[in-house]
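Structure record follows, encoded as C-alpha cells.
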Amino acid sequence: MCLQSGGYDLELFVDVPDDGLICSICQGVLRCPVRAACHHVFCKRCIMQWLKRQETCPCCRKPVSQSLIFVMFKLSKAIGRLKIKCRNEIQGCRATFPLSEQYCHSMSCPFELISCPYQGCRAQLLRRDLEAHARHCEHWRQPCHMGCGAVLSQRTRTQHNCYQELRRQYEAKQQSHRAIAAALQRKMRKMQNTMAHMKRQISLICESLEVMDDVVEVDEAEEEEDVAESGTAGSSSSSS
Ligand SMILES: [Zn+2]
Ligand SMILES: [Zn+2]
Ligand SMILES: [Zn+2]
Ligand SMILES: [Zn+2]
Ligand SMILES: [Zn+2]
C-alpha cells in the first residue's frame, strides 16, 4: 500500500539502488525527496501523509514541522539518472533508460497497452499491434491523402480513387469539347458551301442579266431604227 503513494518500486531499477536513496517510510526509491530538520530524507508525499498523524520524524522521533521541510533538487536529479527497466518488461520490452525518461519512453514503447485511437472503438491493445488492428478496425477513419475531402473507412478506402474519378471527368469534358469543336467545324463548312453556292447563283444571275441587257439593247436599237424608218416614211407621206 505504501509503495503506491510513495517512492519508486525497487524492482524497476537495473542495479540495486544505494541504501541512501531508500525512503524509510515506503521502502521505495525516493520520489521527490525532501529533508526534515533532523536531516532524515523521505519522499515528499510519504512524509506529508505521516505528518497528518504525528509531527515527529519516523526515524529519530524528533519533532518535525511542515514548514521546515526542504526539497532536495540535486538528489532528485541524481535519482533521475538511475537506469530503470521498462514497466512493460513482462509484455516483452527489453528497453532500459534513465528514470527521468520513463514518460518519454512510455509514449513510444511498442509494448505499452493503449486504447485504439479511432473514435468509437473500445479495443485495448499493445502499441505494436495497432497497425494490424487498424487494418480491420471498423472505426478506422482517415481523410483521403489526395486531399479531396472524403473521409474514408476501411470498407471504402479500397474502392476510393478520387484521382481516377477526376481523370475520368476531365477526359469526358475534353471529349465533349472535341465534339463541340467538330460540330462547329461541320457547321462552318456547310456555311462555306452555301456561300459558294450562292456566289455561283449570283454570278449566273449576273451573267443572264448581262445577256438580257444585250438583248434589250439590241431590241432598243432595232426599235429606234424602226422608228426612224417609219418617221421618214411618215414625213415623206405627209409631205406628199
Ligand atoms: Zn516514500
Ligand atoms: Zn529524523
Ligand atoms: Zn518499453
Ligand atoms: Zn479499433
Ligand atoms: Zn480522395
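The values are calculated or read from the model by the stated rules, or taken from the named source; none is laboratory data. Predicted model, so just to flag it, every value in this text is computed and none were measured. When we count neighbours, we look across all protein chains shown, and the Cβ atoms used for this are built from the backbone with ideal geometry, even at glycine.
For (1) modelled with pLDDT under 95; (2) part of a loop (DSSP other than H, G, I, E, B); (3) more than 11 Å from ligand 1 (Cβ to nearest atom); (4) buried (at least 16 other Cβ atoms within 10 Å of the Cβ), each residue gets a yes or a no:
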| residue | (1), (2), (3), (4) |
| --- | --- |
| ASP15 | no, yes, yes, no |
| GLY20 | yes, no, yes, no |
| ARG31 | no, yes, no, yes |
| LYS52 | yes, no, yes, no |
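Just so you know, in segment 97-147 the residues that are small (Gly, Ala, Ser) and within 16 Å of ligand 3 (Cβ to nearest atom) include one that is farthest from the chain's Cα centre (by Cα), and it is SER100. When you look at THR156, is it part of a helix (DSSP H, G or I), hydroxyl-bearing (Ser, Thr, Tyr) and at pLDDT below 90, yes or no? Here the answer is yes, as THR156 does meet what is asked. Whenever a residue of segment 68-79 is surrounded by 11 or more Cβ atoms within 10 Å (Cβ to Cβ), its partners that are β-branched (Val, Ile, Thr) and not in a helix (DSSP H, G or I), lying with C-beta atoms within less than 6 angstrom and at least six residues away or across chains, give the pairs ILE69/VAL34; VAL71/VAL34. For segment 107-136, the set of residues classified as in contact with a strand residue (DSSP E or B) (Cβ under 6 Å, 6 or more places away or on another chain) and assigned to a helix (DSSP H, G or I) consists of ARG127, HIS133, listed by residue number.
Among the residues of segment 58-69, write down those that are within 9 Å of ALA36 (Cβ to Cβ) and under 60 Å from the mean Cα position of the chain (by Cα). The answer is VAL64, SER65, LEU68, ILE69.
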